[in-house]
Amino acid sequence: MRIQILCDSASDLSEETLHNYNLDRVSLGVTIGDQEFQDGQTITPKEVYKLMKEGEAPKTSQVSPNLFRETFLKYVESHQPFIYYALSSELSGTYQTAKMIEQEIKEEYPDAQFEVIDTKAASLGYGLIAIRAAELAENGGSFDEIIKVSNYYIEHMEHIFTVDDLEYLYRGGRVSKTAAFVGSLLKIKPLLHVEEGKLIPLEKIRGSKKVLKRMVEVMQERGQQLEQQRIAISHGDDIETAEKLADLIKSECGATQVEIDMIGAVIGAHAGPGTIALFFLNAPPK
């Protein structure tokens, strides 16, 4: 039986992509004022960015235990093997909650075949891992083969990103108030990356034009066989800059597969409008 692949809304995969790769998704929560929403279902990223520009400060919440239980049991009770790939455990408690529900269900259904995996990734870095697993599943890949290849992608996935306004990272506790203030004053664009699932500052660059060029340089320094990879760019409601970066990548690196999508409500609530993120492998694709 074909393995079903599950992800959550922090993978920032569009409805079209989910459908094309036969991916199932569970949603994290977004709270604005006293209203609660389901990321990608009852609120769109565009709406969240608009509200943030108007001064709202959205809060986010992990996937609920009940939703995990309901989703997992749907497959377990129909004897459908599946693998759930989770948002980095360093950025959310979603993975830990899913592991707890996994343990409970496996005690009730000892023959159930499913696994919960920490991608140590976010946004389309996480999305690329889920897509590769779904491709293997669609081609009849075994449980062990899918896990082996996806673990390779987890180990080698690079995230390089910049934000338009450090204030949003300050609100989320990622930078100090002084750094946010000085950065905004001097028009400093921070370049960040992800190590072992954590957000880590990489460089400070003055001026937005230089930052895109530097993102491509870092990709050339770290990436391997870029022309054979599926590369992804996600953006905080700034398609124009995302397309500029895609054109640079195609001309400088010979890449032909560059996917662009909007950063979803949950990741966007922390990074803010104008964020640009780039995802690729630092090893040959498998």
Query raised in the report: Hey, which aspartates and glutamates would be in cross-link range of Lys74, C-alpha to C-alpha under 17 Å, not counting anything within fewer than 8 residues on its own chain?
Result: Asp8, Asp24, Glu102, Glu104, Glu107, Glu108, Asp111, Glu115
Report task. Using a 1.4 angstrom probe, figure out how much accessible area segment 16-59 has per residue, in square angstrom, rounded to the nearest whole. Result -> 59
Report summary line: With every protein chain kept in place and a 1.4 Å probe, segment 201-286 has an accessible area per residue in Å² of 45
Report task. Take the solvent-accessible surface of the protein heavy atoms, probe 1.4 Å, and return the percent of it on the chain that carbon and sulfur atoms account for. Result -> 48
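What is the gain in length, in nm to one decimal, between Met1 and Glu243 on full extension, counting 0.36 nm per residue of separation less the C-alpha to C-alpha distance? Spell out each step's value before the answer.
Numbers: separation 242, 0.36 × 242 = 87.12 nm, distance 3.95 nm.
Length gained, Met1 through Glu243: 83.2 nm.
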Report task. Rounded to whole Hz and in sequence order, give me ³J(HN,Hα) for segment 33-44 from the Karplus expression 6.51 cos²θ - 1.76 cosθ + 1.60, θ = phi - 60°, writing x for Gly and Pro. Result -> x, 10, 9, 9, 10, 9, 3, x, 10, 10, 8, 9
Query - segment 34-100 versus segment 129-148: alpha-carbon centroid distance in Å - result: 22
Requested in this report: Would you compute the Debye intensity of segment 1-145 from its alpha-carbon atoms alone, equal scatterers and no solvent, and pass along log10 I(q)/I(0) at q = 0.13, 0.15, 0.17, 0.21 Å⁻¹ to two decimals?
Outcome: -0.58, -0.76, -0.95, -1.35
Query raised in the report: Looking at the chain, what % of its DSSP beta bridges pair antiparallel, to the nearest 5?
Result: 60
Query raised in the report: Using a Gaussian network for the chain with springs between C-alpha atoms less than 10 Å apart, which of these wobbles most: Asp34, Asp238, Asp12?
Result: Asp34
Query raised in the report: Equivalent-ellipsoid semi-axes (√(5λ), Cα gyration tensor) for segment 90-165, whole Å, largest first?
Result: 26, 19, 9
Requested in this report: Mind checking which aspartates and glutamates have their Cα closer than 14 Å to the Cα of Lys198? Skip sequence neighbours fewer than 8 apart in that chain.
Outcome: Glu90, Asp118, Glu155, Glu158
Report summary line: For segment 141-152, Karplus-derived ³J(HN,Hα) couplings (6.51, -1.76, 1.60; θ = phi - 60°; whole Hz; x for glycine and proline) come out as x, 7, 3, 5, 5, 4, 5, 4, 5, 5, 5, 4
Requested in this report: Return the lysines within reach of Lys250: Cα separation strictly under 28 angstrom, same-chain partners fewer than 8 residues apart disregarded; answer none if there are no such residues.
Outcome: Lys46, Lys120, Lys187, Lys189, Lys204, Lys209, Lys210, Lys213, Lys286
Requested in this report: Calculate how steeply helix 94-108 sits against the longest principal axis of the alpha-carbon atoms of the chain, using the helix alpha-carbon long axis, and give the answer as 0 to 90 degrees to the nearest 10.
Outcome: 0
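Calculate the FRET efficiency for Lys74 and Ile260 from the Cβ-Cβ distance with a Förster distance of 30 Å, rounded to the nearest 0.05.
Calculated transfer efficiency: 0.40.
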Query raised in the report: Where Lys and Arg each count +1 and Asp and Glu each count -1, what net charge lies around Asn151 among other residues with Cβ under 13 Å from its Cβ?
Result: -1
Query raised in the report: To the nearest µm²/s, what D does Stokes-Einstein give for the chain at 10 °C and 1.306 mPa s, using the Kirkwood radius over alpha carbon pairs as Rh?
Result: 82
**Report entry** Residue-by-residue Karplus 3J(HN,Hα) for segment 50-62, coefficients 6.51, -1.76, 1.60, Hz, glycine and proline x
**Finding:** 4, 5, 5, 5, 8, x, 6, 10, x, 10, 10, 9, 6
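The values are calculated or read from the model by the stated rules, or taken from the named source; none is laboratory data. Since we're looking at a predicted model, the values are computed, not measured. Here the Cβ is made from the backbone with ideal geometry for all residues, glycine too, and neighbour counts use every protein chain on show. Just so you know, the surface numbers come from the protein's heavy atoms only, side chains and all, with ligands and any DNA or RNA stripped out. Shrake-Rupley method; radii C 1.70, N 1.55, O 1.52, S 1.80 Å.
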